[in-house]
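Have a look at the structure below before the remarks.
The values are calculated or read from the model by the stated rules, or taken from the named source; none is laboratory data. This is a predicted model, so every value here is computed, not measured. Please note: Cβ atoms are built from the backbone with ideal geometry, for glycine as well, and neighbour counts cover all protein chains shown.
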Amino acid sequence: MGDLEFLNATIYKDQNGNIQEGDYSQKMSYFLVPALAKYKFKNHIYAEGGFQFGWMYKSWVQFDSNIKGNTTRIKEKNKDLINWFDMGVAVGTGYRLLNGYGWSLGVRYYYGFLDVYKDKSGTKNSSLFLKLNIPFGVSDEMKEKANEQKEMIKEIKLKRKEAKKNNK
């Protein structure tokens, strides 16, 4: 009950004064801006790390209940209890698909340095992001580099085949 009181959430009761069964959850929406450095390995794997900044624009406590087939969802805004700015560190890794010049799959972990709630210390954000990056508008220069790399790979494969034939 202490956390619900801190969040300024209403404790819902039935007609007899008994606490209604259900789940309470804190929901927050942030606009996030990562400022990361990325290191690309030759095998299309990359590592990234740096800071991430967040601006909270929505926050509410949600109560969900399902009693005898009657579903209830109640949202109570509590934006005034939440710090609007968040900052922390982010680290991640991923794999670049399509020979390194296309889509990439990755994972990133974020740990916030600032308290989420204004009046409660030790309440920091942390998140795990699964991501798919899709580039738009590949430049002619990047297309040319990709074609050069494909030709180079073909040459290497051809040389390997020739070397195997010569070793037999």
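Considering only residues that are assigned to a strand (DSSP E or B) and among the acidic types (Asp, Glu), which ones fall in region 74-131?
Filtering region 74-131 down to residues assigned to a strand (DSSP E or B) leaves 74-77, 82, 85-96, 104-115, 117, 124-131.
Once the filter is applied, which keeps residues that are assigned to a strand (DSSP E or B) and among the acidic types (Asp, Glu), region 74-131 yields 76, 86, 115.
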Of the conditions (1) closer than 20 Å to residue 99 by Cα; (2) not in a helix (DSSP H, G or I), the single one that residue 156 does not satisfy is (2)
For residue 27, the lone unmet condition from (1) in a strand (DSSP E or B); (2) over 18 Å from residue 119 (Cα atoms); (3) basic (Lys, Arg) is (2)
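Is it the case, given these coordinates, that residue 131 is under 28 Å from residue 106 (Cα atoms) and touching a Gly at 6+ places or on another chain (Cβ under 6 Å)?
Details: under 28 Å from residue 106 (Cα atoms): yes; touching a Gly at 6+ places or on another chain (Cβ under 6 Å): yes.
Taking the combined requirement at face value, the residue satisfies it.
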Over region 32-81, the set of residues more than 22 Å from the chain's Cα centre (by Cα) and within 29 Å of residue 95 (Cα to Cα) is 41, 42, 43
When region 76-116 is checked residue by residue, the ones that are under 23 Å from residue 51 (Cα atoms), surrounded by fewer than 16 Cβ atoms within 10 Å (Cβ to Cβ) and among the aliphatic types (A, V, I, L, M) are 87, 89, 91, 105, 107, 114
Screening 32, 36 for residues that are over 30 Å from residue 145 (Cβ atoms) and surrounded by 12 or more Cβ atoms within 10 Å (Cβ to Cβ) leaves only 32
message: Taking the conditions exactly as written (touching a residue at least 40 places away in the same chain (Cβ under 8 Å), part of a strand (DSSP E or B) and within 18 Å of residue 83 (Cα to Cα)), does residue 50 satisfy them or not?
response: no
Scanning region 147-168 residue by residue, the ones that are over 34 Å from the mean Cα position of the chain (by Cα) and either among the basic types (Lys, Arg) or in the same structural domain as residue 98 (by TED's automatic domain parsing) (or both) total 8
Selection over region 131-146 where residues are within 24 Å of the chain's Cα centre (by Cα) and touching a residue at least 24 places away in the same chain (Cβ under 8 Å) yields a count of 5
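I need the full set of residues from region 119-143 which are under 16 Å from residue 26 (Cβ atoms) and surrounded by 12 or more Cβ atoms within 10 Å (Cβ to Cβ), in order please. I'd like the intermediate steps shown before the answer.
In the first step, residues of region 119-143 are kept if they are under 16 Å from residue 26 (Cβ atoms); the result is 119-120, 122-127.
Listed by number, the residues that qualify are 120, 123, 124, 125, 127.
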In the set 159, 58, 124, 150, the lone residue that is at pLDDT 85 or above, in contact with an Asp or Glu (Cβ under 7 Å, 6 or more places away or on another chain) and basic (Lys, Arg) is 124
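Quick check on this structure: which one of 70, 18, 43, 99 is under 24 Å from residue 131 (Cβ atoms) and without any contact (Cβ under 8 Å) to a residue 12 or more places away in the chain?
Working: 70 fails: under 24 Å from residue 131 (Cβ atoms); 18 fails: under 24 Å from residue 131 (Cβ atoms); 99 fails: without any contact (Cβ under 8 Å) to a residue 12 or more places away in the chain.
Checking each option against the conditions leaves just 43.
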